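Student: I'd like to ask some things about the structure below.
The values are calculated or read from the model by the stated rules, or taken from the named source; none is laboratory data. Please read all numbers here as calculations on a predicted model, not as lab measurements. A quick note on method: Cβ atoms are made from the backbone with ideal geometry, for glycine too, and the neighbour counts reach across all protein chains shown. When the accessible area is computed, the model is the full protein with side chains, heavy atoms only, and any ligands, DNA or RNA have been set aside. Shrake-Rupley method; radii C 1.70, N 1.55, O 1.52, S 1.80 Å.
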Amino acid sequence: FAARAALHPDRPAAVDAEGTWTYGELRAAAGRLAAWLRAGGIGPGDCVAIYAHRSAPVVWAVLGVLKAGAAFVLLDPAYPPARLAMMVDLAAPRGWLEVSAAGAPAAELEAKLRDLAAAGRLVRRLSLPGGGPEGARPLLATLPEPGAGLPAVGPDDVALIAFTSGSTGVPKGILGRHGPLT
């Protein structure tokens, strides 16, 4: 992604009905998000939950989490709250990013997040605006500038957690490594 962004920073990279992100805009926004996550102590070995419908800002969230060296888990607001709560239990995220267009988490899921925060396990939480980079500018201005250097991440480090329905109806997490993603 970084190589493509360096070659073609003004080309569209992520498009949805609400806005378009160029490669350069995504690279810059992901760097700031990664710096914010790292400032909260999130990095390799940690998980960040992304609560959102499919949209261009999800790309921003995923790239920011990966750039911080952490793994991500996508949580679809259309899933039943009890299932999402089980997924959060299993993933044990240290960070929570929600795209505002997804709406607020259901009361059951919100209670789970409060419990994680009270236990000191959930250390960062942020709402990302929907749409394109124009709507994100106010938030981006509050996030730190990315520092030099990225955390070391190898091909066997976890990049994502995907959930299956499980043969018993209980979600099962599958760890996806960086190697196959590249």
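Student: Report, by residue number, each residue of segment 71-81 that is within 9 Å of the chain's Cα centre (by Cα) and open to solvent by less than 40 Å² (accessible area, probe 1.4 Å). Give the steps one after another, and end with the answer.
Tutor: Going through segment 71-81, the residues within 9 Å of the chain's Cα centre (by Cα) turn out to be 71-74.
Within segment 71-81, 71, 72, 73 qualify.
Student: Here is a further query. Across segment 124-175, what is the total count of residues that are at pLDDT 85 or above and at positive phi?
Tutor: Matching residues across segment 124-175 total 1.
Student: Also, quick follow-up: Given the criteria in contact (Cβ under 8 Å) with a residue 24 or more places away in the chain, open to solvent by less than 40 Å² (accessible area, probe 1.4 Å) and either basic (Lys, Arg) or closer than 22 Å to residue 120 by Cα (or both), does residue 84 qualify?
Tutor: Working: in contact (Cβ under 8 Å) with a residue 24 or more places away in the chain: yes; open to solvent by less than 40 Å² (accessible area, probe 1.4 Å): yes; either basic (Lys, Arg) or closer than 22 Å to residue 120 by Cα (or both): yes.
Yes.
Student: Also, quick follow-up: Please find, among 15, 48, 65, 59, the residue that is open to solvent by 50 Å² or more (accessible area, probe 1.4 Å), of a type in the set (A, V, I, L, M) and modelled with pLDDT of 95 or more.
Tutor: On the way: 15 fails: modelled with pLDDT of 95 or more; 48 fails: open to solvent by 50 Å² or more (accessible area, probe 1.4 Å); 65 fails: open to solvent by 50 Å² or more (accessible area, probe 1.4 Å).
After applying the criteria, what remains is 59.
Student: I've got another one for you. How do the strands (runs of 3 or more DSSP E) wholly within segment 9-67 filter down when requiring 3 or more residues that are more than 26 Å from residue 116 (Cβ to Cβ) and more than 9 Å from the chain's Cα centre (by Cα): which remain? Steps first, answer last, please.
Tutor: Working: elements: 12-16, 19-22, 47-51.
Passing ranges, in order: 12-16, 19-22.
Student: Yes or no: residue 30 touching a strand residue (DSSP E or B) at 6+ places or on another chain (Cβ under 9 Å), within 24 Å of residue 175 (Cα to Cα), crowded, with 22+ Cβ neighbours inside 10 Å and without any contact (Cβ under 8 Å) to a residue 60 or more places away in the chain?
Tutor: Details: touching a strand residue (DSSP E or B) at 6+ places or on another chain (Cβ under 9 Å): no; within 24 Å of residue 175 (Cα to Cα): yes; crowded, with 22+ Cβ neighbours inside 10 Å: yes; without any contact (Cβ under 8 Å) to a residue 60 or more places away in the chain: yes.
It is false that residue 30 is touching a strand residue (DSSP E or B) at 6+ places or on another chain (Cβ under 9 Å), within 24 Å of residue 175 (Cα to Cα), crowded, with 22+ Cβ neighbours inside 10 Å and without any contact (Cβ under 8 Å) to a residue 60 or more places away in the chain.
Student: Shifting gears a bit: What residue, among those in segment 106-122 that are touching an Asp or Glu at 6+ places or on another chain (Cβ under 9 Å) and not in a helix (DSSP H, G or I), is most open to solvent (accessible area, probe 1.4 Å)?
Tutor: Step by step, filter segment 106-122, then rank; the result is 121.
Student: For segment 135-155, check the following and say yes or no: at least one residue is in contact with a His (Cβ under 7 Å, 6 or more places away or on another chain), in a loop (DSSP other than H, G, I, E, B) and of a type outside the set (Gly, Ala, Ser).
Tutor: yes
Student: For segment 68-87: of the residues being assigned to a loop (DSSP other than H, G, I, E, B) and of a type in the set (Gly, Ala, Ser), which is farthest from residue 4 (Cα to Cα)? Give the steps one after another, and end with the answer.
Tutor: Step one: of segment 68-87, the residues assigned to a loop (DSSP other than H, G, I, E, B) are 68-70, 76-80.
Of the ones still in play, those that are also of a type in the set (Gly, Ala, Ser) are 68-70, 78.
On the way: 68: 19, 69: 20, 70: 22, 78: 33 Å.
Among residues in segment 68-87 that are assigned to a loop (DSSP other than H, G, I, E, B) and of a type in the set (Gly, Ala, Ser), the one farthest from residue 4 (Cα to Cα) is 78.
Student: Among residues belonging to segment 123-155 that are of a type outside the set (A, V, I, L, M) and without any contact (Cβ under 8 Å) to a residue 40 or more places away in the chain, point out the one that is surrounded by the fewest Cβ atoms within 10 Å (Cβ to Cβ).
Tutor: Step one: of segment 123-155, the residues of a type outside the set (A, V, I, L, M) are 124-125, 127, 129-135, 137-138, 142, 144-147, 149, 151, 154-155.
Right, trim to without any contact (Cβ under 8 Å) to a residue 40 or more places away in the chain and you get 125, 127, 137-138, 142, 149, 154-155.
Details: 125: 16, 127: 14, 137: 12, 138: 9, 142: 9, 149: 6, 154: 9, 155: 11.
My answer is 149.
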